[in-house]
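Worksheet for the structure shown next.
The values are calculated or read from the model by the stated rules, or taken from the named source; none is laboratory data. Owing to the predicted nature of the structure, the values given are computational and were not obtained by experimental measurement. A quick note on method: Cβ atoms are made from the backbone with ideal geometry, for glycine too, and the neighbour counts reach across all protein chains shown. With ligands, DNA and RNA removed, areas are computed over all heavy atoms of the protein, side chains included. Shrake-Rupley method; radii C 1.70, N 1.55, O 1.52, S 1.80 Å.
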Amino acid sequence: MPSLTPYPHIIHGCDYNPEQWLHSPEILKQDIELMKQANINSVSIGIFAWAALEPEEGRYELDWLAEIVDRLWENGITSVMATPSGAKPVWMSHKYPEIRRVSASRIRDLQGGRHNHCYTSPVYREKVRAINTKLAERFANHPGVILWHISNEIQGECHCELCQAAFREWLKERYGTLDALNLAWWTSFWSHTYTDWSQIESPAPNGENSIHGLTLDWKRFCTHQTYTFFENEIAPIKAANPNAKVTMNLMGFYDGIDYWKMSKLLDVVSWDCYPAWHTQQDGDETYNAFWADAYSDICRSMLGKPYLLMENTPSQTNWQGICRPKTWGFHRLTAISHLAHGADSIQYFQWRQGRGGAEKFHGAVMTHANRTDTRVFQEVRGLGETLKRLDALCGAKTDAKIAMLYDIESHWAVNDAQGPRNDGIGDNDLMLRMYLPFWTAGYAVDFVSPDMDFSGYHLLCVPMLYLLRNDIAARIRNYVKQGGTVVLTMHTGVVDEHDLCYMGDTPAEGLAELAGIRVLEIDPLYDDEYETLRITKAPFPLAESYRLERLCERITAEGAEVLGVYEHGNPCMPDEMPCLTRNSFGRGTAYYAAAFAEDRFYSDFLLSLAERLGIQPALDTAFPHGVTAQRRTAQDGTAFWFLMNWTREQKAVTLPFALKDYETDKIYQNKLPLPPYGAKILVRAN
Ligand code: GAL
């Protein structure tokens, strides 16, 4: 893959807000010198600078920004140029109330905060286009501007009249007639039939919230509206320079909009990673780390190429319950883990702590002390030394043979449904439980949306695909027919794309036939209730039994081989009800796991399956608890291995072959020691 930009280094950057310091030129002067000392080679600039760029309507002041961007570039520091739409200027909010967001209960915001504009407002779109045009004319061809950072953490929804009207138009386009809409939304339920398009309103806590098709379409509409808003943002940039690259900083598992769809507009995916580090007394960070790495894998998978870590804190946030700073050396570990999972950058929020405002205590490379001998500054500088030597890693690939299907529409639908478990259905939790063993054992996993091609993977995991489009079902069947292996789980293929329950056997659309089973009913357990899966026929090494929780689907085998049954202690329940099955279909195999199981089950089952399918982890060795590994292959063919120790204990890894520490050139033949929270970048010894 060609590297992201003509700037062929791993980006070591930060959010830079010089607009907060225009009154202190001496600080701005110091900044560049200090950035160089910290080995910062890029800044994200202008993110919330609209008031400084357009202090009054139509009066644009870009010289100050141009001067800083030039000076940065003269000093070898590139700019990721942001568009400022994430926060609107006060004058604009007052002059054009329509740009202020209206909540679901139909209350319009006062001016304040950020991330709270209306995506539909023609005025806001026009104002955004105008400022972006000015910025693009000035910077789109600037050699120091390597990327455009569109808005900031695009999120939320607006329920104003403009949005309602746009929603109705979108629905007309989608359904054509009200009859079709009424049928698709099942509005005869509770007499909610619409007789005029004008009666349709977005979901509201004090209004309509019992029509699931409406809620689902509203979320799709919000994505659509955000998408067209984004198109409007990037048009002037691409017009000024068709080769300009754009990104949007995603917020992890935020589910307000469909990021898969948004990613189609991006040249590179980036995300802001803020786990609540140091929440465990024993210092074991595996839980936070695997959550973060899972989302990094999603970002890498979206475009099938490296992502950027647009934001992380070099020390602490200011918005978590308890805002602990990353402990000594821990920042390096988290950064190397991002590189391991496909990042081509390590960027911070933020360069310098502001003196006022809500984020004055958020961690930054430069703190209020304004000194370079702080621990954080020195750790950032040290990491920068490492990154400087990693040019070869830019654009390096991850070769995953395992795919995890992650469908946001299904996530929306299953969480909107009332029943069978309103106290947390756990779809994302199940997905992460299925991801965890691969992460632990050093396998690379790609996440795929239902629209992506998964035919090349050796193993496809499909956790709780409650909403099942018929085209996806057909592709899953075809994948298995052609020789693929799929793992399906409970509560799959229950509703169609309108959130209408399928009639007939489930999992619907031929997935029951694929799995050789049929669902009889689903039994949600109370939080303190458990059942047991007893393995009756292990096709590969499995324990005798596993604990089950949350959701137990009762199924009947219709052709599938039963590998495990329920052991339930319920005298009323028939014996030997299947719980885990396997079915041959065409040239491939479909497994069906009918109940939500303890972690150990997914670990034993999925890792045995991966091994049986000949899928290789990054390093073929048994890692001690808390140590993980990944591999990336550089464009010149060099393989890089990354080892991370997420515990406060000293660990040692047995190596299957000799590896060389990329930073120190030290060669490890058999055993590689990893200090507490240690991380290593390695290449082959010879
Ligand atoms: C991000 C946001 C930044 C900053 C940061 C603080 O969500 O994009 O502007 O607020 O959080 O952690």
How large is the helix-only mean residue ellipticity at 222 nm for the chain, computed as the sum of -39500 (n - 2.57) over DSSP H runs with n ≥ 4, divided by its residue count, in deg cm²/dmol to the nearest 500?
-> -9500 deg cm²/dmol
What helices does the chain have that are whole DSSP H segments, at least 27 Å long along their own axis by Cα, and with mean Kyte-Doolittle hydropathy of -1.0 or more?
-> 212-240
Taking the alpha-carbon centroid of each part, what is the distance from the range 298-361 to the range 161-197 in angstrom?
-> 43
Does the range 406-460 classify as rounded, prolate or oblate by the C-alpha gyration tensor (a ≥ b ≥ c root eigenvalues; a/c under 1.5 gives rounded; else a/b over b/c gives prolate, otherwise oblate)?
-> oblate
Cα gyration tensor of the range 180-308, axes a ≥ b ≥ c as square roots of the eigenvalues: rounded (a/c below 1.5), prolate (a/b > b/c) or oblate?
-> oblate
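Under the 0.36 nm per residue contour assumption, what length would be gained going from the current alpha-carbon distance of ASP528 and ASP70 to full extension?
Result for the pair: 158.7 nm of gain on full extension.
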For the range 128-223, what % of the accessible area comes from carbon and sulfur atoms, probe 1.4 Å?
-> 51
Of the accessible area of the range 402-612, computed with a 1.4 Å probe and all protein chains kept, carbon and sulfur make up a percent value of 44
By how many nm would the segment from GLU649 to ASP575 lengthen if fully extended, with 0.36 nm per residue of separation less the alpha-carbon distance?
-> 22.0 nm
Set LYS172/LYS261; LYS261/LYS305; LYS88/LYS172; LYS134/LYS245; LYS172/LYS219, cut-off 25 Å on Cα-Cα distance; pairs above it are LYS88/LYS172
Heavy-atom accessible area per residue - the chain, 1.4 Å, Å² | 38
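Sum up the charges of everything whose Cβ sits under 12 Å from the Cβ of ASP599, counting Lys and Arg as +1 and Asp and Glu as -1, but leave ASP599 out.
Around ASP599, the charge tally is -1.
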Provide the percentage of antiparallel DSSP beta bridges, counting only those with both residues in the chain; round to the nearest 5.
-> 55
For the range 627-684, which whole percent of the accessible surface, found with a 1.4 angstrom probe, sits on carbon and sulfur atoms?
-> 47
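Once the Cβ-Cβ distance between PHE253 and ARG114 is put in as r, and R0 is 25 Å, what FRET efficiency do you end up with, to the nearest 0.05?
The value I calculate is 0.75.
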Roughly what % of Cα-Cα distances in the chain sit above 35 Å, to the whole percent?
-> 47
Would you please classify the overall shape of the range 402-612 from the alpha carbon gyration tensor, given that a ≥ b ≥ c denote the square roots of the eigenvalues, rounded means a/c under 1.5, and beyond that prolate means a/b larger than b/c while oblate covers the rest?
-> rounded
Listed residue pairs exceeding 21 Å between alpha carbons, taken from LYS326/LYS360; LYS401/LYS666; LYS651/LYS671; LYS264/LYS481; LYS401/LYS537 | LYS401/LYS666; LYS264/LYS481; LYS401/LYS537
For the range 627-684, size of Cβ-based charge dipole, Lys and Arg +1, Asp and Glu -1, in debye | 140
